[in-house]
Structures are given as C-alpha cells and as structure tokens.
Amino acid sequence: MASLTLIKKIQKETVGQTVTLRGWAHNIRSSGSIIFIEIRDGSGFIQGIIEKKQLGKKGWAEAEKITRETSLEIEGLIQEHPRQKGVFEAQIKKISLKQVADEYPIGKKNHGPDFLLDHRHLWLRDQKQWAIQSIRQEIIKSTYQFLWQNDFTKIDSPILTPTACEGTTTLFELEYFNLGKAYLSQSGQLYLEAAIAAHNKVFDFGPTFRAEKSKTRKHLIEFWMMDAEMAFVEHQESMNIQEKLISFIVQRVLKNKGPELDLLARNKEKLEKTKPPFSRLTYQEAIQKLQKMGSKIKFGDDFGAEDETLITADSEIPVFIEKWPEKIKAFYMKSDPQNNKLVLGADLIAPEGYGEIIGGSQREDDYQILKKKMKAAKIPLQYFQWYLDLRKYGSAPHSGFGYGLERIVAWICGCQHIRETIPFPRLINRLTP
Ligand code: 4AD
Ligand code: MG
C-alpha cells in the first residue's frame, strides 16, 4: 500500500509520489470518462482526478458509485496543478469505498440558517465551518501557549456552584440532593482568586452558562470562557497582559491559519494591526464621545450593542473602556482610589461591531470593604465566607479577566453571528443537535 498521509502534508516534495488518503468526497463533477472529486480528510482539501483508462473496468464501476460525502480510501499520484502553482492534485489509481453516502441533504443552493442549524451535525463539514473550527482551535492553542509561557497554572474551577457570581438573573438552576439548589457556573473567577495564593498566576478554560434571554448575534447560552487571575497585578498591568494575550492570539492565527482566513474572505490587513498598545478610554470619556457621535447613552448606563460598535468605529483594533460606575459592575471590583463611585474594571471591545471580548478588573482585597460591598449587593454571605476569608490570610492586590472564546472567534473569523463559532450552539430556542 502506498504510504498513508494527510492532505495538509502534501507539498512540492510529495509531487511524483503515490500516497494513500482517507476521507470523504466533498464534491464531485464528472464528464464522460473523467470524474473530479474534491477529497476532504479533516486536515484539508485536495482535488482527485479519476480517469476511466487509469482505473480499468472494475475500478471505474466503483468510481461511478461515489456520491457526495461517500467515505473512501484512495491511492493517488501527486502532481502540481498545471496552471495554479502550489496547488496539488491526486491522479487516482485505486479506490476503495467505505460507505456510499445517501443523498446529502445540504445542497449547493443557499439554505436558511434554521435549516443549517438543524443539520449542524452535517454542516460542520462545510468548508467555511471547517475553517472556523480550525481557527477556533488555533485560538485555544495560542491561549494556552501564551499563558504557559507566562507562568500561569491551569486550575479547573467547578461548574456546579451554590450561588451566582455575575448576578442572579442569569442562572441555570437544578436540584442538588439534600443541599437545595445548585447553579451552573457563569465564570470560574472566584475560585481562581482562591488559587492565586497557592500558584500566583492561574487560569481556567471551560464552558460557562448564562440563562439570559438575549437573542442577539453575540449571545450564547453555553459558551467557553478563559478566566485568568494574577496576584500582585494591579488594574493597568492587567490590561497590559490582556492586550499582549489578544495580540499574540491574532498574530498566531495570521501565521498559522492564513488559508482558513482566506476561505472566510477575512480582511487580514485589519487583523495585522492588532498589536499593543490598545487605546484606553475611561467610561466617562467614552460616554462623552458616544454622545458627540449621536448616541442617547447617559452617564450610568451600560453600553448597548450600538454603543459598542460606535465606540470602536475609528479603530481597527480592540479598545479598552475602564473605570466604570460601581452600580453597573459586579460586587468584587475594587473602587477607584480617585473616585469611589467608580471601579477599576475594564471591558475590552473588539472592532467592527464584534462587541465585548473581555471583562476584567482589579479585585477588592480588603476584608471590611468587600464585606460591605457584598452586603450592599445582597450577596448571601453564608455561601461566600470562604471568598471573604481569602482577604484574611495573606490578601494581596490582584486582578483578573475573563475572555469569551466565541466572541473572539467571531471577530477573528468575521462571522456575522456567534452561533457559527461553536460546534453545537445552545441558543434560547435551540438545544439540538
Ligand atoms: O464580562 P463577563 O460577564 O465577566 C465575567 O464573568 C468575569 N467573572 C470574568 C473574570 O473577570 N474572570 O464575561 C466575560 C466575557 C465577556 O467579555 C464576553 O466576551 C463573554 O465572556 N460573554 C459571552 N459570550 C457569549 N455569550 C454570552 N452570553 C456571553 N456573556 C459573556
Ligand atoms: Mg462583561
């Protein structure tokens, strides 16, 4: 048998070799005594050429059975495309069919989003969907690389929690044996704050849940968050780390996933500009700027989707909005020493309307102040004594942030809607497949 290889490994040096490929017939065209099949093996796509005269009668009879999505193994001689340099094709010598696929429900015509989402188990094979998931993988990989290179330890935070950390209105509730109610985690942040005293810099990366009834192109019910938490790091330095992380991710995707970005027709020049430093606007400055641009936003309001788009209209890279009014942010944020009505929190807003990709802050590290903030926010102290305790035994200034993986994927890939960025999206009206 010719040696088994992956499509992505086929290059100049492979020309003239006969290789074995295992995959699926992504597309087929035939004209008389020649069949063109586009083969997909998960690592890439390659054109295969089947000629009647090469295969003989029996082989040709098999070839004629190939339908879209038929699984197969082929042996083919690799050659360079006669007109396109750097594009390779396989002159097929042998085929073995694994399963001749039934008529494939996803056609070449345009399907609506509901149809495609109902067929998500198949739609994932689409070339653009493949490119999005490949880029998602690169984002995950580069996130780990960056964090490990910078001495972060991965701490897996729990998903079942006794109470909320980001506000009580968006929790998924379930019965937990004799202990009453439990909730699906909205963020692992509070648990990471415990781990910094053991490991200094830590992160988690896992699924998080928000029961908010938002039906927007930026909200998922289940999404993946990376939370990072850092001891002895204050607000401004935390933003330095965030912009380094995001720039690292974008540059890695550009370096390693160029063809995938091209498949998505993503403007790479815009992404290339993602390098530190990012602009930092205070909330106050942002409100004034938005008002000048025609927004109806008032001091004290949270940003709507339109405000997020507007505030980055003159920037091709993400922008930080920092020092938010205490009233619209979570209880754990540290007060701004210059104005105790504000907190040392920052949101990182992606350009081109992709919205908030990171939420973070310096944390309140004083026992009494935090206790007061928790009481004011009506946080049930019986569940949070452990969190307060952290401020009794070696409390230190510390900061952290959480990124929304799917928002980052949407921005980098240029996806219109966040539902395409996760393999199996969970939306208000969708739990299958
Ligand atoms: O801003 P959020 O709510 O922050 C936290 O949960 C903090 N505890 C994180 C921390 O400091 N460790 O969520 C963080 C990010 C947002 O900036 C956004 O990118 C994403 O998570 N996000 C969502 N992504 C998709 N669908 C949703 N419903 C999301 N809600 C938040
Ligand atoms: Mg937020």
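The values are calculated or read from the model by the stated rules, or taken from the named source; none is laboratory data. Keep in mind the model is a prediction, meaning the values are calculated, not measured. We place every Cβ from the backbone using ideal geometry, glycine too, and count neighbours over all the protein chains shown.
When region 183-210 is examined, which residues are found to be within 16 Å of ligand 2 (Cβ to nearest atom) and either outside the structural domain of Thr143 (by TED's automatic domain parsing) or not in a helix (DSSP H, G or I) (or both)?
Correct list: Ser185, Gln186, Ser187, Gly188, Thr208, Phe209, Arg210.
Return the residues of region 330-345 that are more than 10 Å from ligand 2 (Cβ to nearest atom) and touching a residue at least 12 places away in the same chain (Cβ under 8 Å); say none if nothing qualifies. Steps first, answer last, please.
Taking region 330-345 as the starting set, the residues that turn out to be more than 10 Å from ligand 2 (Cβ to nearest atom) are 331-344.
Those that are more than 10 Å from ligand 2 (Cβ to nearest atom) and touching a residue at least 12 places away in the same chain (Cβ under 8 Å): Phe331, Tyr332, Met333, Lys334, Ser335, Asp336, Asn339, Asn340, Lys341, Leu342, Val343, Leu344.
Would you mind stating whether Lys268 is charged (D, E, K, R), assigned by TED's automatic domain parsing to the domain that holds Lys373, in contact with a Phe, Trp or Tyr (Cβ under 9 Å, 6 or more places away or on another chain) and at pLDDT 95 or above? Even if it seems obvious, please write down each step before you answer.
Numbers: charged (D, E, K, R): yes; assigned by TED's automatic domain parsing to the domain that holds Lys373: yes; in contact with a Phe, Trp or Tyr (Cβ under 9 Å, 6 or more places away or on another chain): no; at pLDDT 95 or above: yes.
No, not satisfied.
Which of the numbered conditions does Gln382 fail, given that it passes all the others? Conditions: (1) more than 10 Å from ligand 1 (Cβ to nearest atom); (2) in contact (Cβ under 8 Å) with a residue 60 or more places away in the chain.
Condition (2) is where Gln382 drops out.
Against the definition (within 9 Å of ligand 1 (Cβ to nearest atom), at pLDDT 95 or above, closer than 30 Å to Leu116 by Cβ and surrounded by 15 or more Cβ atoms within 10 Å (Cβ to Cβ)), how does Glu420 come out, yes or no? I'd like the intermediate steps shown before the answer.
Working: within 9 Å of ligand 1 (Cβ to nearest atom): no; at pLDDT 95 or above: yes; closer than 30 Å to Leu116 by Cβ: yes; surrounded by 15 or more Cβ atoms within 10 Å (Cβ to Cβ): yes.
No; evaluated as a whole, the condition is false for this residue.
Go through (1) under 27 Å from Ile418 (Cα atoms); (2) within 16 Å of ligand 1 (Cβ to nearest atom); (3) among the acidic types (Asp, Glu) and name the single condition Asp314 misses.
For Asp314, the failing item is (2).
Any idea which residue in region 293-327 is surrounded by the most Cβ atoms within 10 Å (Cβ to Cβ), counting only those that are part of a helix (DSSP H, G or I) and without any contact (Cβ under 8 Å) to a residue 40 or more places away in the chain?
Here is the first cut: in region 293-327, the residues part of a helix (DSSP H, G or I) are 305-311, 326-327.
When the remaining residues are screened for being without any contact (Cβ under 8 Å) to a residue 40 or more places away in the chain, the result is 306-307, 310-311, 326-327.
Details: Glu306: 14, Asp307: 22, Leu310: 19, Ile311: 24, Glu326: 19, Lys327: 10.
Filtering region 293-327 for residues that are part of a helix (DSSP H, G or I) and without any contact (Cβ under 8 Å) to a residue 40 or more places away in the chain, the one surrounded by the most Cβ atoms within 10 Å (Cβ to Cβ) comes out as Ile311.
Test each condition in (1) touching a residue at least 60 places away in the same chain (Cβ under 8 Å); (2) buried (at least 19 other Cβ atoms within 10 Å of the Cβ); (3) of a type in the set (D, E, K, R) for Glu234 and report the one that comes out false.
(2) is the only condition that Glu234 fails.
When you go through Glu308, Glu322 one by one, which is the residue that is away from ligand 1 (no atom under 13 Å from the Cβ), at pLDDT 95 or above, in contact with a strand residue (DSSP E or B) (Cβ under 6 Å, 6 or more places away or on another chain) and not polar (S, T, N, Q)?
Details: Glu308 fails: away from ligand 1 (no atom under 13 Å from the Cβ).
Matching residue, one of Glu308, Glu322: Glu322.
How about region 125-160: which of its residues are in a loop (DSSP other than H, G, I, E, B) and either surrounded by 14 or more Cβ atoms within 10 Å (Cβ to Cβ) or among the aromatic types (Phe, Trp, Tyr) (or both)? Break it down stepwise before answering.
Restricting attention to region 125-160, the residues satisfying the condition of being in a loop (DSSP other than H, G, I, E, B) are 125-126, 150-152, 155-159.
Result: Arg125, Asp126, Asn150, Phe152, Ile155, Ser157, Ile159.
Considering (1) touching a Leu at 6+ places or on another chain (Cβ under 7 Å); (2) surrounded by 14 or more Cβ atoms within 10 Å (Cβ to Cβ); (3) not basic (Lys, Arg), say which one Glu272 fails and leave the rest.
All conditions pass for Glu272, except number (2).
Just wondering, is there one or more residues in region 64-72 that are at pLDDT 95 or above, surrounded by 12 or more Cβ atoms within 10 Å (Cβ to Cβ) and hydrophobic (A, V, I, L, M, F, W, C)?
Scanning region 64-72 turns up at least one residue that is at pLDDT 95 or above, surrounded by 12 or more Cβ atoms within 10 Å (Cβ to Cβ) and hydrophobic (A, V, I, L, M, F, W, C).
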